[in-house]
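The values are calculated or read from the model by the stated rules, or taken from the named source; none is laboratory data. The structure presented is a predicted model; accordingly, all values stated were derived computationally and were not measured. Glycine gets a Cβ as well: all are built from the backbone with ideal geometry, and neighbour counts include every protein chain shown. Calculation scope for accessible area: heavy atoms of the full protein, side chains included, ligands and nucleic acids excluded. Shrake-Rupley method; radii C 1.70, N 1.55, O 1.52, S 1.80 Å.
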Amino acid sequence: MLQGGAAKCWGYNNQYQLGDGTSSDRPTPVSVLDLSTATAIATNGTHSCARLIGGAVRCWGDNTYGQLGSGSDWALYTSPVPVADLSTATAVSLGQYHSCAVLSAGVIRCWGQNDMGYLGDGTLVNSNAPVQTLRITPLLPGDHRICVRGRDLLGTVSDGAACTVITVNPS
């Protein structure tokens with residue numbers, strides 16, 4: 001993150017996860033295209049997301065399982081695209097092939113790979129747009145480890161289940 005909301009990334013870029021419009025690895029920082037109002041960045045393996053001023057989220061990179069949340073197709077994106085129907089995010093966190101956001105109301109929405117129930121919505125169906133998790137009450141500020149196993153949302157338990165850590169900042 002840079003002052004003013006721009007962002008720079010570097011490293012491995014085989015899935016366009018740096019957002020610079022190329023798939024070239026970068027040993028030094030390069031600017032993320034079309035990103036000027038970011039307040040937070042989340043990265044994980046082959047995709048990246050940014051929370052923008054106002055709460056919108058944009059993601060880029062690999063979208064094989066819908067983890068960018070574009071709501072349309074399953075393609076690679078070389079620069080940030082808006083996450084569908086998400087405008088009040090206060091925090092964003094990424095799993096390997098899924099993404100989650102905490103909304104201003106404290107509810108969690110996730111999207112992407114769901115074959116092991118990663119999205120916490122009670123299904124095993126991948127989603128290329130955000131779906132609301134089940135059985136989570138609004139979150140208070142602090143670190144939360146959202147864990148799922150199969151179709152069961154395990155809350156803050158950490159025993160080897162697939163987990164996404166989300167930090168909720170006080171408003």
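Quick notes on this structure:
- Qualifying residues in the stretch 82-96 (those that are at pLDDT below 90 and open to solvent by 40 Å² or more (accessible area, probe 1.4 Å)) - the one nearest to I53 (Cα to Cα): T90
- Residue match in the stretch 67-81 (condition: open to solvent by 10 Å² or more (accessible area, probe 1.4 Å), among the β-branched types (V, I, T), on the phi < 0 side of the Ramachandran plot and part of a strand (DSSP E or B)): yes
- Failed item in (1) among the small types (G, A, S); (2) in a loop (DSSP other than H, G, I, E, B); (3) open to solvent by less than 10 Å² (accessible area, probe 1.4 Å); (4) closer than 21 Å to D115 by Cα, with A101 passing the rest: (2)
- Pairing residues of the stretch 18-29 that are over 16 Å from L68 (Cα atoms) with residues that are open to solvent by less than 70 Å² (accessible area, probe 1.4 Å) and of a type in the set (D, E), at Cβ distances under 8 Å and at least 6 apart in sequence or on separate chains, gives R26/D20.
- Taken together, the criteria exclude Q15 from residues that are closer than 21 Å to T123 by Cβ, in contact with a strand residue (DSSP E or B) (Cβ under 7 Å, 6 or more places away or on another chain) and either open to solvent by 50 Å² or more (accessible area, probe 1.4 Å) or not β-branched (V, I, T) (or both).
- Any hit, the stretch 111-124, residues being touching a residue at least 60 places away in the same chain (Cβ under 8 Å) and within 14 Å of the chain's Cα centre (by Cα): no
- Residues (of a type outside the set (A, V, I, L, M, F, W, C), more than 18 Å from V83 (Cβ to Cβ) and open to solvent by 20 Å² or more (accessible area, probe 1.4 Å)) located in the stretch 104-136: D115, G122, T123, R135
- Of residues in the stretch 48-66 being assigned to a loop (DSSP other than H, G, I, E, B) and either within 16 Å of A38 (Cβ to Cβ) or of a type in the set (D, E) (or both), the one most open to solvent (accessible area, probe 1.4 Å): I53
- Selected residue (criterion: farthest from V131 (Cα to Cα)) from residues of the stretch 41-69 that are touching a Leu at 6+ places or on another chain (Cβ under 9 Å) and small (G, A, S): G45
- Flag for T39 being outside any loop (DSSP other than H, G, I, E, B), farther than 21 Å from S127 by Cβ and modelled with pLDDT of 95 or more: no
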